[in-house]
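The values are calculated or read from the model by the stated rules, or taken from the named source; none is laboratory data. Here the structure is a predicted model, which is why all the values come from computation and not from measurement. Because the Cβ atoms are built from the backbone with ideal geometry, glycine has one as well, and the counts that use them run over all protein chains shown.
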Amino acid sequence: MSGAGKYRNVVSLQTPQIKLIMKLAIVGATGLVGQEILRVIDEHNLEFSDLYLVASSRSVGKEISFKNKIYQVKGMEEAVSIKPDVAIFSAGGDTSLKWAPRFAEVGTIVIDNSSAWRMNPKHKLIVPEINAGILRIDDRIIANPNCSTIQMVLALAPLQQKYGLKRLVIATYQSVTGTGKDAVDQLMQERSGNEGNGVYPYRIDLNVLPHIDVFMDNGYTKEEMKMVHETRKILQEESIGITATAVRIPVIGGHSEAINVELEEEFDLEDVRDLMASAPGIILEDDIDNLKYPMPLHAHGRDEVFVGRLRRDESQPKTLNMWVVADNLRKGAATNAVQIAAYMMKHYLVY
Ligand code: A2P
């Protein structure tokens, strides 16, 4: 395989001063997720032998400054010809469908942020804290789950292990950053009094849109159905009942989710708090006496998922309510993708 045997450094995002010595391409480097990937790499001091910043033909030749170095944006053909060891894609589903197989053919491990490969049974859908163990040396296109799904399953996995999951009723409150930089522009334009043609069908500032991604034949949106199907695939349990309402709100720092969880077994609320406090990647913020609960304002720029407002559903036994917040550009996209890259590096690109 490309790059096999060249690398010696073990990687975990929790370890400071990590050296990731690989040829890394970021496809969609000019976009919101691409830029966030650069910030994650920078903050965790991940080092690469070579870094290639890739975007559409519109951006080829543009200069991006990163860690005191100027990188010229490359096009897709040139990026394939470089045969990167790992390419993290955040350039939309069509780009992934067309180009991920081309990179895979030359031996690149593609970690894809779009929905193009997530439900394809040949490709793995990974949240490293939960299921990185299923990755193998010959995985060439690895799917990063939907942002709303990642933060939710991270909080659900410990509950699934200890009590079993029966049914989830979810409402999301999602940041405009999930739509991309044009959506942030729309919000800012509206906020400064200029209403024009935006990416959403209605204004988003001072509004709430119960509509994320396209509507499907069953009346749900694709975003809502992603949460249903992706959750079952990651948690490897097809029988979990799941129903979701996905809502866009005029917020930037992250996605919030109200999740009603019916468990298979009776639980103790303090045990659930302990479980969350000790789960990898989760920070428990559940102290209502001191007004401590998760908010996008505080989650912004953080890699962790924040869980709070834990309380019993008094209308039904074995049922819990929780509030889960994360920066969708971080754990919902960039952080998760970089963690997958780090995992593959550690396990399969090491001597
Ligand atoms: P570009 O800036 O050249 O359009 P966002 O989701 O924030 O809007 O970002 C989308 C990212 O995907 C951008 O980096 C964008 O590059 C990139 N992109 C869009 N279409 C393509 C394409 N056909 N090939 C490669 N990159 C693309």
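Structure data summary
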read-out: Single condition LEU168 does not satisfy, out of (1) aliphatic (A, V, I, L, M); (2) part of a helix (DSSP H, G or I); (3) surrounded by fewer than 22 Cβ atoms within 10 Å (Cβ to Cβ); (4) touching a strand residue (DSSP E or B) at 6+ places or on another chain (Cβ under 6 Å); value: (2)
read-out: Test result for GLU36, out of contact with any strand residue (DSSP E or B) (no Cβ under 9 Å at 6 or more places or on another chain) and at pLDDT 95 or above; value: yes
read-out: Residue in the stretch 303-319 that is part of a loop (DSSP other than H, G, I, E, B), surrounded by 14 or more Cβ atoms within 10 Å (Cβ to Cβ), at negative phi and over 16 Å from the mean Cα position of the chain (by Cα) present; value: yes
read-out: Any chance ALA157 is assigned to a helix (DSSP H, G or I) and small (Gly, Ala, Ser); value: yes
read-out: Residues of the stretch 43-61 satisfying the condition of being closer than 24 Å to VAL176 by Cβ and not hydrophobic (A, V, I, L, M, F, W, C); value: GLU43, SER56, ARG58, SER59
read-out: Total residues in the stretch 33-88, condition near the ligand (Cβ under 10 Å from one of its atoms) and free of Cβ contacts under 8 Å to residues at least 12 places away in the same chain; value: 2
read-out: Filter result for ASN194 (surrounded by fewer than 11 Cβ atoms within 10 Å (Cβ to Cβ) and part of a loop (DSSP other than H, G, I, E, B)); value: yes
read-out: From LEU310, LEU320, LEU263, residue being outside the structural domain of ARG140 (by TED's automatic domain parsing), hydrophobic (A, V, I, L, M, F, W, C) and in contact with a Gly (Cβ under 8 Å, 6 or more places away or on another chain); value: LEU263
